[in-house]
Structures are given as structure tokens and as C-alpha cells.
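Participant: Could you have a look at this structure, given as C-alpha cells, before my questions?
Every number here is computed from the coordinates shown, using simple stated rules; none is lab data. In this text the structure is predicted, and so the values were computed from the model without any measurement. Virtual Cβ from ideal backbone geometry, glycine too; neighbours counted across all protein chains shown.
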Amino acid sequence: MVAPLEGVQVVEVANWMAAPGAAAMMADMGADVVKVEPLRGDAMRGATRQPRVPEGQAPIDAAFQLDNRGKRSIAVAINQPRGAELVRRLAAGADVFICNLLPARQAKYGLDAGTLLELAPRLVHATLTGYGPGGPDAARPGYDLTAFFGRGAVLDAMSEPDNPAPPRLRPAQGDHTAALALFGSVLAALRLVEATGQGQVVDVSLLAAAAWTMSSDLSATLIDGITPTPQGRIARPHALHGGFRCADRRWILLFMPEPHWWPRFCEAVGRPEWIEDERFATWGARAANMPELTRLMDEVFATRPLREWCALFDERGFIWGPASTVSEFAADEQAAADGLFPEIQAADGRRFRTVRPPMRVRGADISPRGPAPIVGQHTHAVLGQLGVTREELTLLTRDGVIGSTDTDS
């Protein structure tokens, strides 16, 4: 099979998860991604290591592996002039430059689009920020919690009415949504380079990713000016749209908003009298009496465990899904059949599963190419390809401009 991005050279000057996640997907598609790290390494290294590991065994750095697999790492102090110059030389020979430094820092180190496109006129210069390239908050740092979930209204939309505590958010959901947007934008920019022969500048933000995530609510608000309010279970507009707790305290999720499902549901759960009950006979009546209907439906669902409801609903062709735990999803036979969790080998020989990108092209090789690199693992090899001599490498190391683990020299 052919790797879609084989031969594409990518230089990444980024940390944490969003921009590195986009570059990781490019590596999965065969691109040669060189990750430029500070001498101490990306701040994400070791930040979220799982604590439950066998005694005496170092944990696999799961989060860092996910967003940095298949890359090569060089350690360069870009805050030193010679370090920044090395990165500019590296970018001059690349097809794509991915960065999440704020614009002022890019300009400070000569890594901004204007500077790099003079050196490489066909380069795709891609930046991931919290809030976008313009406006009053362009220089404001942003993370997925603050820019995506908070400023982007995702958190408010997920909250229950009158609940003083916001829902507990899982890591990197905003980051990985933005990573997909950055990935797609870079591919579009590469196509434009092919068509026009001119370099392209890509700007993606966490806030823009939140806008697309919230676009169903936002589009309505933009048109009619009405702010959608968070809806609890008793205020939902459709009776068969939402979650219900079963006898074993597991939740089943239904999505059958069309009215024709209602009689079939009532028959299936043994409540045919609800079909003609004037409180529930029409969509409008059900919406008006949703608190009472929810109470009655809760009583029904509490009579059987999840597995029995699942079997019953499958027999009738209902649209449902379990509220799976993460462990259940990791062991899901459908996920396994779709190859969602391929296995790769860490540098120490241990094998572990990871998550593949969500896209697939038939006949194309889209898969993890290997583990995340050790910080500075490829410094000498990559800089050697730039023509930096061993003597220069020694001097640069002595002066604290570069770092290397010497695994490739």
C-alpha cells in the first residue's frame, strides 16, 4: 500500500497536544516529521503518565506517545541565535512548517511566515493558536480548557441547568478537534502549492474549532439572536432522545426523535396505553408533559439491566447505544474490527496499543510508523543532513545550543 504523504518533509516547532497531534497524523500517512524540542524536551513529556503500572516498571508515556509517534526529534535552543538559525535552515528544505508559538515569538526567532517564505517560497507555514491571528486576543495564550471549552461555549452547552459544578472534562478533546482542522488545512494548502507554485499560510485556532463544534447552536443564534439554554433531561424536546438508567445503574442512550418511533417504543416496553394517553399522544403533548413522562420512563427502564434492553431494542431495530466506559470502548469488538487501536513497539521493546487517526483511504497505508522519539534522539542525524559537521555539532553541544542522546550518531 502507498503512504499518502510519503516524501513530504515536515518541521514541527510545537508542544502539548493540538499542533503535535496534526503532525502525528501526517507521520501516520508517511510524512517525515522532524520535531524541534527545547533541550529539556516538550513540556508534554511525562506530564500525564499513568500512575497504575507494575512495580519497578517505567510507565509508557501514553499521551506523549499518541501525539508524537513516528517523528524524529532534535533538541535545539531556539532562544539562541545559532539555534534559531539551524531551525530556519531546516524549515527552508521542508514542505510544511507546523508551529504553535504565538506570532510575537515566531517573529522574535525568525520563524514567522514572512521570514520563512522568503527562504522557502513553496512552504506551507501552519500556525495553531488559541484565538486566531487577529483581534484583541491574538497574543493571549490558549489551551483547550480555556479557549475551546470555556470561551467557545462548549462547557456551557454541556452543563445541566442550575448545576453549580461544570462537568468534568476529559483531556485534549478540544486539542484533537483542532488538530483535525489543522491537518485538513495543511493538506488543502499543499494542494494549493501544487496548483499555484506559491507558498501558503495556514492559521487554525482552538476558538475556531469550538465554533465548528458548536455550529448547530451558533448558527441558530446567529440567525434569530436567541441563545440556546442548557437543557436537562426533563426539558428535552423529544421523548426518545436522551439517556436512561437501567436496573444495573448503567445508562442506555436513545436517538429516535421522529414521531413514528413513539408507538413502537410504547409497545416494546410494555406501555401501550401511553400511545392514546392525551398527555403523550402527540409530539407537542409529550414536550409539554416531559417532566412526568421522564419520571414514568425512568421507572420502566429501572426494571431491566442494560443488556436486556439492548437485546430487546435490537430485535425491534431501535436506534440506541450504551454509555460505555473507556475500558469497554478499548475492548469493543467493533472498534477492533475497524482497526481503531493498532499496536506499536516502544523504544524499550514493550508493545502497546494506540489510537489511529479517524480517516481511512482504501488501499492507502495510514498507520503509526513507530513510537515517539526520545528527546534529541535524531539531532546529529538531522543536522548532519543540513551539512553541519561533527566538529560544529560538538561546539553547538558544548555551548548549549543543541542536545542529543546520540542514538543515531
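Participant: Please give the peptides 341-352, 132-143 ranked by average Cβ packing (other Cβ atoms within 10 Å per residue), highest first, as a rough proxy for protection.
Facilitator: Highest mean packing first, the order is 132-143, 341-352.
Participant: How are the Cα pair distances of region 235-330 distributed, in percent, across 10 Å bins from 0?
Facilitator: 16, 52, 27, 5, 0
Participant: Could you compute the FRET efficiency for His241 and Arg191, with r as their C-beta to C-beta distance and R0 at 45 Å, rounded to 0.05?
Facilitator: Once rounded, the FRET efficiency stands at 0.70.
Participant: Right, next: Modelled label-to-label distance, Ala331 and Arg40, 7 Å Cα→beta-carbon offset: nm?
Facilitator: Each label point lies 7 Å from its Cα, and together they span 4.1 nm.
Participant: Fewest to most neighbouring Cβ within 10 Å: what's the order for Cys99, Cys266?
Facilitator: The order, fewest Cβ neighbours first, is Cys266, Cys99.
Participant: Still on this structure, I have one more. Of Leu102, Leu145, Leu395, which has the largest mean-square fluctuation in a 10 Å C-alpha GNM of the chain?
Facilitator: Highest fluctuation of the listed residues: Leu395.
Participant: Would you mind telling me which residue in Thr146, Thr354, Thr397 has the biggest mean-square fluctuation in a Gaussian network model of the chain, where springs connect alpha carbons within a distance under 10 angstrom?
Facilitator: Top of the fluctuation ranking is Thr397.
Participant: Let me ask you something else. Tell me, what are the semi-axes, in whole angstrom and largest first, of the equivalent ellipsoid of region 281-409 as set by the roots of 5 times the Cα gyration tensor eigenvalues?
Facilitator: 57, 18, 15
Participant: If you don't mind, another one. Note the angle between two axes, namely the Cα long axis of helix 18-28 and the longest principal axis of the Cα atoms of the chain, as a number of degrees from 0 to 90, rounded to the nearest 10.
Facilitator: Once rounded, the angle reads 80 degrees.
Participant: Can I ask one more? With unit charges on the beta carbons (Lys and Arg positive, Asp and Glu negative) and the dipole taken about the Cα centre of region 235-330, which residue among Met290, Trp309, Gly243 sits farthest to the positive side?
Facilitator: It is Gly243.
Participant: How big is the shadow of the Cα convex hull of region 249-293, averaged over all directions, in nm²?
Facilitator: Result: a mean projected hull area of 3.6 nm².
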